[in-house]
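Engineer: Okay, handing you the structure first.
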Amino acid sequence: MIGRFIAERARWIVAFGIAITLLAGAVGAGTLDALSLNRFEAPGSESMRVRDALARNYGTGSPNLALLVTARHGTVDEDAVARAGADLTRELAARPGVARAWSYWSEGRSDTLRGDDGRQALVLAWLPGDASHVRREVLPALAPDFTRTTETVTVQVGGGDEVFRQTMEQARKDFLRAELVILPLVLLLLWWTYRRLSAALVTLGTGLFAVLGSLALLRAVVAFTDVSTFASNIALVMGIGLGVDYGLFVVHRFREELRRGDSTADALARTVRGAGRTVLFSAVTVAASLSALLAFPFPFLRSFAYAGVAVVLAAVTGATVLLPAALALLGRRVVRRGPVPAETEGFWFRAATRVMRRPLAYGGAALAVLLLLGAPFLDVRFGLPDDRVLPASAPARQTHDRIREGFTVEESDAVQLVAPAGTPEAVGPYAAGLSRITGVARVDTAAGSYRDGRLTGPAPAGAFSAAGGQRLTVIPASARLESDPTGLVREIRALPAPFAVEAGGYPAELTDYRDGVTRRLPLVGTLIVVVTFALLFLMTGSLVAPLKATVLNLLSLSVIFGVLVLVFQEGHLSGLLGFTPTGVIEPSIPILMFCIAYGLSMDYEVFLLARIKEEYDRTGDALGSVPLGIARSAPLVTAAALILAVSFATYATGQVVFLKQLGVGMALAVAVDATLIRGVLVPALMRLAGPANWWAPAPLRRLHDRIGLKEPGTDPAPAVSQRAEAPVPGR
């Protein structure tokens with residue numbers, strides 16, 4: 001048996017585990033620098049084809065760096081300011097990594113690059129290359145050099161890539177700060193749970209192994225594919241959370257076996273056989289939920305699948321191999337001193353019994369609370385991220401705040417059109433039609449510039465004709481870009497053209513990314529539900545139990561999304577949490593939260609059902625097994641949920657809105673799941689279902705008998721002091 005094998009070689013396994021942990025730490029230390037800085041882009045989409053065509057045929061691209069130039073005295077048309085602006089444009093164009101730079105002063109004093117009050121103007125630049133190259137190799141040198149104040153002008157740095165470069169830097173700071181906060185908090189909570197420092201330390205050690213092990217595994221994954229830097233944040237919070245969750249379950253079961261009077265070796269063998277199987281099964285459900293993210297063709301979202309599976313592998317190894325070896329050495333030193341109250345005298349047994357006596361009243365009240373909290377999700381508006389993911393103190397955020405205040409036109413966020421077979425003669429009427437779209441300030445083409453359907457001037461500088469094709473630049477008004485960027489892109493694409501044309505640029509790239517995410521969402525949701533449903537059937541042999549778990553998990557998730565809308569879309573508590581609401585939710589984070597929360601909810605469901613099913617198999621009592629199973633698992637689930645909620649909540653104090661959303665939403669989801677779901681709705685529904693909880697058609701039951709995941713045998717009847725017969729609720 002695996003448990004006895006571990007017990008007999010505990011010292012060697014612990015020594016090996018320490019060595020592996022140190023090695024994982026050394027390997028994982030280089031992971032953060034190896035992770036990629038991804039853009040919000042959809043590979044193979046129309047906007048990506050336009051990006052390639054602009055670079056290949058026209059030597060340009062959407063500007064990803066912006067310099068905001070403010071005249072210290074007078075306007076940007078003063079001779080001294082104009083000379084400074086022209087010099088600044090030439091200096092930027094000459095820097096390594098900058099393919100093209102243009103400005104108000106180099107573009108014939110274009111009014112779309114001039115602020116409304118005349119005191120500000122923009123210098124724009126295109127920096128070619130992927131996000132990692134631009135943000136790691138080019139911008140770190142450019143941004144400090146061009147943030148300057150002279151006698152004539154003040155220069156601030158912004159642009160899409162600079163915004164997200166600062167976002168990644170801030171996320172890394174939040175990552176390190178969270179690590180310093182989480183570890184002592186978790187240790188304190190573990191000591192409070194166990195009242196034994198040794199048990200707390202080995203459980204925390206399991207979480208640390210999960211973090212370091214997952215980072216080391218990600219280092220290997222990076223050798224084959226791109227992994228986003230945000231994956232490191234998931235590795236930390238889920239590594240600590242899952243490692244501690246699984247560690248709690250194993251230690252709790254080991255202490256329970258020791259209290260039966262078993263020897264350390266026997267207790268460990270029974271723990272690994274019983275709890276180890278449950279942990280492994282739970283891990284498979286979590287990994288399956290997160291693996292569904294691989295169905296998205298986007299490196300950013302796939303990164304979280306890699307991180308989640310790596311965390312699960314490391315956490316399972318730590319909880320089922322290294323932790324049991326440590327427990328074999330500690331023996332009875334992990335057992336809490338003093339008498340242990342009978343299970344039928346505990347809070348959770350009494351609470352479950354009370355709920356089961358009045359299941360409709362308690363269940364209905366809990367359901368009403370969940371529906372009330374989830375209702376705001378009906379008003380969700382998915383949108384695109386911008387600089388306001390950063391705190392107001394961030395330099396790039398301050399730059400863009402001033403641009404929003406001072407410019408009514410957004411040339412830096414222009415929609416770029418490419419017509420491979422277009423001609424200058426045909427471009428004019430088409431450009432005139434584009435310029436009549438609501439929210440379009442100007443259209444620049446080889447035939448000239450158009451406003452409100454009329455030709456208003458010659459073409460600005462830059463290549464608009466190349467290789468037998470045409471390029472058009474559609475410059476939007478700030479108000480339309482702020483309120484409805486995806487609608488603007490769709491109107492531009494829907495306008496009939498005299499030639500084949502494709503739309504790109506930053507608004508189109510974000511639109512294609514958002515549309516790609518939402519198109520795949522039903523597939524991902526279906527995969528998660530079907531796979532976890534099948535896994536729960538393999539564990540329970542029932543169709544009712546997995547169906548109930550699925551419904552309850554979706555109810556729990558509705559709370560997350562309702563709070564996201566209420567807080568981050570509508571802005572309630574924005575002052576307390578320190579962020580600026582934009583009126584929309586970027587869709588990637590809710591999808592990530594869905595996968596993580598669904599997996600963790602199933603994690604707790606597995607812990608709960610495993611103990612209820614164990615008691616049901618032992619006694620055959622469909623009702624009496626519920627409060628006893630809950631009494632044995634709920635303290636553990638509550639402690640695990642508290643620790644995981646605290647771990648997630650640390651991100652709510654971070655500076656990046658994405659991480660705040662993850663922290664607030666996941667902390668609330670875990671808390672709701674461990675209280676209203678597992679503490680109220682589970683016993684209420686199981687009471688109403690009665691023996692039907694374990695029902696399945698005869699063919700499926702025979703299938704489960706052949707391939708089901710069952711623990712070998714059941715626990716013998718515990719000592720009399722631990723097992724007052726459970727009253728049957730409602731009888």
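Engineer: If you roll a 1.4 Å probe over the heavy atoms of the protein chains, what accessible area per residue do you get for the chain, in Å²? Let's see the in-between values first.
Structural biologist: Numbers: 27650 Å² over 731 residues.
Per-residue accessible area for the chain comes out at 38 Å².
Engineer: Roughly what percent of Cα-Cα pairs across the range 101-144 reach past 11 Å?
Structural biologist: Details: 661 of 946 pairs.
Summing the P(r) tail past 11 Å for the range 101-144 gives 70 percent.
Engineer: What do you get for the angle between helix 160-194 and the principal long axis of the chain? Use alpha-carbon atoms, 0 to 90 degrees, nearest ten.
Structural biologist: The angle comes out near 20 degrees.
Engineer: Please give the length that would be gained between residue 294 and residue 580 if that part of the chain were fully extended, namely 0.36 nm times their separation in residues minus their C-alpha to C-alpha distance (nm, one decimal).
Structural biologist: Values: separation 286, 0.36 × 286 = 102.96 nm, distance 3.13 nm.
Computed gain between residue 294 and residue 580 is 99.8 nm.
Engineer: In addition: Using a simple spin-label model with points 7 Å from Cα along the Cα→Cβ vector, what separation in nm is obtained for residue 147 and residue 350?
Structural biologist: Going from the residue 147 label point to the residue 350 one covers 5.8 nm.
Engineer: Something else: Provide the three semi-axes, in whole Å and in decreasing order, of the ellipsoid equivalent to the range 64-193 as defined by the square roots of 5 times the Cα gyration tensor eigenvalues. Numbers along the way, then the final one.
Structural biologist: Working: eigenvalues 321, 58, 25 Å².
The three semi-axes for the range 64-193 are 40, 17, 11 Å.
Engineer: Now, a different point. Roughly to the nearest percent, how much of the accessible area of the range 267-389 is carbon and sulfur, given a 1.4 Å probe? Could you put the intermediate results ahead of the total?
Structural biologist: Details: 3210 of 4970 Å².
Accessible surface attributable to carbon and sulfur in the range 267-389 totals 65 percent.
Engineer: Can you find, among 589, 473, 432, the residue sitting farthest towards the positive end of the charge dipole of the chain, where Lys and Arg contribute +1 and Asp and Glu -1 at Cβ?
Structural biologist: The one lying farthest along the dipole's positive direction is 589.
Engineer: Sticking with this one: Measure nothing fancy, just the Cα-based angle from helix 625-649's long axis to the longest principal axis of the chain, in degrees from 0 to 90, nearest 10.
Structural biologist: 30 degrees
Engineer: For the chain, just the Cα set please: Rg and Dmax, both in angstrom.
Structural biologist: When restricted to Cα atoms, the chain yields Rg and Dmax of 29.8, 95 Å.
Engineer: Quote to one decimal, in nm, the extra length available between residue 368 and residue 5 on full extension: 0.36 nm per residue of separation minus the C-alpha distance between them.
Structural biologist: Working: separation 363, 0.36 × 363 = 130.68 nm, distance 5.04 nm.
Once the chain is fully extended between residue 368 and residue 5, it gains 125.6 nm.
Engineer: Still on this structure: With a 1.4 Å probe and every protein chain kept in, tell me what percent of the accessible surface of the range 94-240 is carbon plus sulfur.
Structural biologist: 60 percent
Engineer: Any idea what the dipole of the range 95-163 comes to, in debye rounded to 20, about its Cα centre with Lys/Arg Cβ at +1 and Asp/Glu Cβ at -1? Could the numbers behind the result be given before it?
Structural biologist: Values: 8 positive and 10 negative charges, 27 e Å.
Computed charge dipole of the range 95-163: roughly 120 debye.
Engineer: Only helical DSSP H runs with n ≥ 4 go in: add -39500 (n - 2.57) per run for the chain, normalise by residue count and round the 222 nm mean residue ellipticity to 500 deg cm²/dmol. List each step's numbers first, then the result.
Structural biologist: Numbers: 26 runs with 424 residues, N = 731.
Only helices count here, giving -19500 deg cm²/dmol.
Engineer: Here is a follow-up. Can you compute the FRET efficiency between residue 392 and residue 523 using 1/(1 + (r/R0)^6), with r the Cβ-Cβ distance and R0 = 41 Å? Round to the nearest 0.05. Working shown, then result.
Structural biologist: Details: r = 38 Å, r/R0 = 0.93.
Efficiency, rounded to the nearest 0.05: 0.60.
Engineer: Once the piece of chain linking residue 94 and residue 77 is laid out straight, how much longer is it, given 0.36 nm per residue of separation minus the C-alpha distance between them? Numbers along the way, then the final one.
Structural biologist: Details: separation 17, 0.36 × 17 = 6.12 nm, distance 2.36 nm.
Once the chain is fully extended between residue 94 and residue 77, it gains 3.8 nm.
Engineer: Right, something else. Provide the packing ranking of 496-502, 427-433, 79-85, 633-639, i.e. peptides ordered by the mean count of other C-beta atoms within 10 Å per residue, highest first.
Structural biologist: Working: 496-502: 15.6, 427-433: 20.6, 79-85: 17.7, 633-639: 22.3.
Top of the packing list down: 633-639, 427-433, 79-85, 496-502.
Engineer: Okay, moving on. In debye, nearest 20: dipole of the chain around its Cα centre with unit charges on the Cβ of K, R (+) and D, E (-)? Working shown, then result.
Structural biologist: Numbers: 71 positive and 62 negative charges, 620 e Å.
The dipole magnitude comes to about 2980 debye.
Engineer: Net charge near residue 296, counting Lys/Arg +1 and Asp/Glu -1 over other residues with Cβ under 9 Å of its Cβ? All intermediate terms of the calculation are to be shown ahead of the outcome.
Structural biologist: Numbers: positive: 302, 520; negative: none.
Taking every Cβ under 9 Å from that of residue 296, the sum is +2.
Engineer: Where in the range 369-392 does the label zone of residue 675 land, with the point 7 angstrom along Cα→C-beta and an amide N cut-off under 17 Å?
Structural biologist: Flagged as within label range: 369-374.
Engineer: Give the aspartates and glutamates reachable from residue 660 as a straight Cα distance under 19 Å; neighbours fewer than 8 places away on the same chain don't count.
Structural biologist: Here the aspartates and glutamates satisfying the reach criterion relative to residue 660 are 169, 174, 179, 386, 387, 570, 586.
Engineer: Based on the Cβ-Cβ distance of residue 179 and residue 136, what FRET efficiency does E = 1/(1 + (r/R0)^6) give at R0 = 30 Å, to the nearest 0.05?
Structural biologist: Efficiency, from the Cβ-Cβ distance: 0.85.
Engineer: OK, next. Measure nothing fancy, just the Cα-based angle from helix 544-563's long axis to the longest principal axis of the chain, in degrees from 0 to 90, nearest 10.
Structural biologist: So the helix axis and the longest Cα principal axis differ by about 40 degrees.
Engineer: To continue, here is another question. Using a Förster radius of 35 Å, what is the FRET efficiency between residue 688 and residue 188 based on their Cβ-Cβ separation? Nearest 0.05, please.
Structural biologist: Working: r = 39 Å, r/R0 = 1.12.
Between residue 688 and residue 188 the formula returns 0.35.
Engineer: Considering only protein heavy atoms and a 1.4 Å probe, what is the carbon-and-sulfur percentage of the accessible area of the range 514-556?
Structural biologist: Details: 1290 of 1630 Å².
C and S atoms contribute 79 percent here.
Engineer: Here's a follow-up. Which value in nm describes the separation of the simple spin-label points at residue 572 and residue 381, placed 7 Å from the Cα toward the beta carbon?
Structural biologist: With each label point 7 Å from Cα toward Cβ, the separation is 1.7 nm.
Engineer: Separate question: Can you give me the relative contact order of the chain as a percent, contacts being Cα pairs under 8 Å and 6 or more apart? Working shown, then result.
Structural biologist: Numbers: 1320 pairs, mean separation 134.2, N = 731.
Worked out over the chain, it gives 18 percent.
The values are calculated or read from the model by the stated rules, or taken from the named source; none is laboratory data. Everything numeric here is computed off the predicted structure, so don't read it as measured data. In this analysis, Cβ positions are derived from the backbone assuming ideal geometry, glycine residues included, and neighbour counts consider all displayed protein chains. Just so you know, the surface numbers come from the protein's heavy atoms only, side chains and all, with ligands and any DNA or RNA stripped out. Shrake-Rupley method; radii C 1.70, N 1.55, O 1.52, S 1.80 Å.
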